[in-house]
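**Student:** My questions all concern the structure below.
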Amino acid sequence: MKIKELRIGRISVPLKKPFKTALRTVESVEDVIVELHADSGEVGYGEAPPTGVITGDTTGAIVGAIQDHIGKAVVGLDVENLDEIMARIDASIVHNTSAKAAVDIAVYDLFGQMCGQPLYRLWGGYRKEFATDITISANGPEQMASDAAEAVALGYKTLKIKLGKDPAQDVARMKAIRAAVGYGIDLRVDANQGWKPKEAVRLIRAIEDAGLALELVEQPVAAHDLEGLKHVTDNVSVPVMADESAFSARDAQRIMEMRAADIVNIKLMKTGGVHNALRVCSLAEVYGVELMIGCMLEAKVSVTAAVHLAAAKKVITKVDLDGPVLCSEDPIDGGAVFAESLVRPNEAPGLGITGIRGLRYL
């Protein structure tokens with residue numbers, strides 16, 4: 001099976017409600033779609049969201065990187081030669097991790113189809129279903145408490161709370177949410193780099209002292225500040241997770257060596273796709289560090305790839321793959337199955353995607 005052609009398109013999917021973090025507010029998913037067509041007729045799908053404030057990747061940058069660099073590096077190659085393909089993707093252009101991820105995912109989709117197996121079985125096959133959390137956007141305490149109660153009513157047992165936008169109100173937000181949902185629900189906090197190191201320690205301790213029972217705190221400080229991240233990790237009882245600080249496998253290794261965080265969050269748009277995410281999994285197994293797998297605001301193509309990785313690997317102990325359920329509709333035919341918090345990988349070969357409604361080719 002050879003890669004014969006690459007096509008690029010775009011999709012637009014409105015969100016059910018605005019997604020608000022310390023870094024941005026988003027009202028719709030506006031993603032780039034990659035199709036890799038094989039000479040034997042199969043199509044592999046990939047996806048990349050523009051997330052300029054996190055990855056630096058805009059829509060134009062993603063399209064340009066794929067058209068001018070990455071696509072030219074993979075067309076004509078044999079799908080079975082994964083190492084050669086991934087080496088060429090990595091060498092085709094520096095950075096541009098979202099564009100690389102879209103093509104990487106499409107290649108793995110074709111590889112799974114060639115092998116006649118869903119990807120999670122090829123990568124480890126640890127579990128066939130799991131639960132994801134759901135994100136509660138950064139708003140006022142009353143609105144966040146209402147959103148949290150609504151999510152619990154839908155069956156979610158774990159909530160990811162966006163803080164850091166207005167630190168003075170963050171403890172009040174957490175008190176309101178805990179009062180609304182009780183203590184049978186796990187609460188994760190994501191500050192999205194919104195605090196300074198000493199401020200983070202003070203706020204987290206205040207939340208601890210209030211008895212609000214956090215499961216973890218994600219990326220409390222600026223991405224580049226590993227010393228600050230370690231300061232927080234060393235001075236609070238709640239487990240601390242690195243997200244924006246960990247793009248590459250090399251980043252993850254440095255964090256694990258420094259013990260700068262207790263947990264590392266894999267996102268395929270940061271690692272440049274599955275190939276490097278698998279390397280992070282291997283590092284975590286060696287260092288004895290737990291992993292979360294998360295997503296940006298993505299539709300179901302790239303999140304399906306993340307679902308397969310979550311299903312495959314025991315070292316991935318926490319899941320934050322709520323992108324598709326935040327969307328007002330699902331234009332993706334096939335792929336992973338989302339029943340609110342319960343997620344299952346498809347059993348069809350590869351990603352199991354058969355088409356995308358509303359795809360606009362470029």
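Nothing in this text is a laboratory measurement; each read-out follows from the coordinates by a stated rule. Worth saying up front: this structure is predicted, and the values here are computed from it rather than measured. Methodologically, a virtual Cβ is constructed for each residue, glycine included, from the backbone with ideal geometry; neighbour enumeration extends over all protein chains shown.
**Student:** For segment 313-328, just list the computed ³J(HN,Hα) in residue order, Karplus coefficients 6.51, -1.76 and 1.60, θ = phi - 60°, integers in Hz, with x standing in for Gly and Pro.
**Tutor:** Once θ is set to phi - 60°, the couplings for segment 313-328 become 10, 5, 5, 7, 9, 9, 10, 10, 10, 9, x, x, 7, 7, 7, 6 Hz.
**Student:** Quick one: what Rg and Dmax do you get for segment 1-154 from the alpha carbons, in Å?
**Tutor:** Every Cα atom of segment 1-154 included, Rg and Dmax give 18.5, 56 Å.
**Student:** Next question. How would you rank 318-326, 229-237, highest first, on the average number of other Cβ atoms within 10 Å across their residues? List each step's numbers first, then the result.
**Tutor:** Working: 318-326: 23.4, 229-237: 18.8.
By packing density, highest mean first, the sequence is 318-326, 229-237.
**Student:** Counting pairs of alpha carbon atoms under 8 Å apart in space and at least six apart in sequence, what relative contact order in percent does segment 209-321 give?
**Tutor:** Relative CO of segment 209-321 lands at 20 percent.
**Student:** In vacuo Debye scattering of segment 253-295, one point per C-alpha: log10 I(q)/I(0) at q = 0.18, 0.24, 0.32 Å⁻¹?
**Tutor:** -0.45, -0.79, -1.22
**Student:** Restricting to DSSP loop positions (anything but H, G, I, E, B) with no more than 14 other Cβ atoms inside 10 Å of their own Cβ, which GluC sites (Glu not before Pro) remain in segment 293-362?
**Tutor:** E329, E340, E347
**Student:** Additional query: In this model, which of K4/K314; K175/K314; K20/K318; K17/K157; K72/K128; K175/K196 are farther than 31 Å apart at the alpha-carbon?
**Tutor:** Details: K4/K314 35 Å; K175/K314 33 Å; K20/K318 22 Å; K17/K157 20 Å; K72/K128 36 Å; K175/K196 21 Å.
From K4/K314; K175/K314; K20/K318; K17/K157; K72/K128; K175/K196, over 31 Å: K4/K314; K175/K314; K72/K128.
**Student:** Given 10 °C and 1.306 mPa s, compute D for segment 26-115 with the Stokes-Einstein relation, Rh being the Kirkwood radius over Cα pairs; round to the nearest whole µm²/s.
**Tutor:** The Stokes-Einstein estimate is 120 µm²/s.
**Student:** Given a cut-off of under 8 Å on Cα pairs at least six residues apart, what relative contact order in percent is computed for segment 121-356?
**Tutor:** Values: 483 pairs, mean separation 44.6, N = 236.
Result for segment 121-356 is 19 percent.
**Student:** Also, quick follow-up: Plugging the Kirkwood radius over Cα pairs into Stokes-Einstein for segment 109-192, at a temperature of 37 °C and a viscosity of 0.692 mPa s, what D comes out in µm²/s?
**Tutor:** Working: Rh = 14.7 Å.
My calculation gives 223 µm²/s for D.
**Student:** In addition: If you build the Cα gyration tensor of the chain and take the root of 5 times each eigenvalue, what three semi-axes come out, in whole angstrom, biggest first?
**Tutor:** Ellipsoid semi-axes (Å, largest first): 34, 21, 18.
**Student:** Here's a follow-up. Would you please put 305-316, 98-109 in order of how densely packed they are, using the mean number of other Cβ atoms within 10 angstrom per residue and starting with the highest?
**Tutor:** Numbers: 305-316: 25.3, 98-109: 30.4.
Descending mean neighbour count gives 98-109, 305-316.
**Student:** Net charge near A180, counting Lys/Arg +1 and Asp/Glu -1 over other residues with Cβ under 12 Å of its Cβ?
**Tutor:** Working: positive: R173, K175, R178; negative: E142, D147, E150.
Local net charge: 0.
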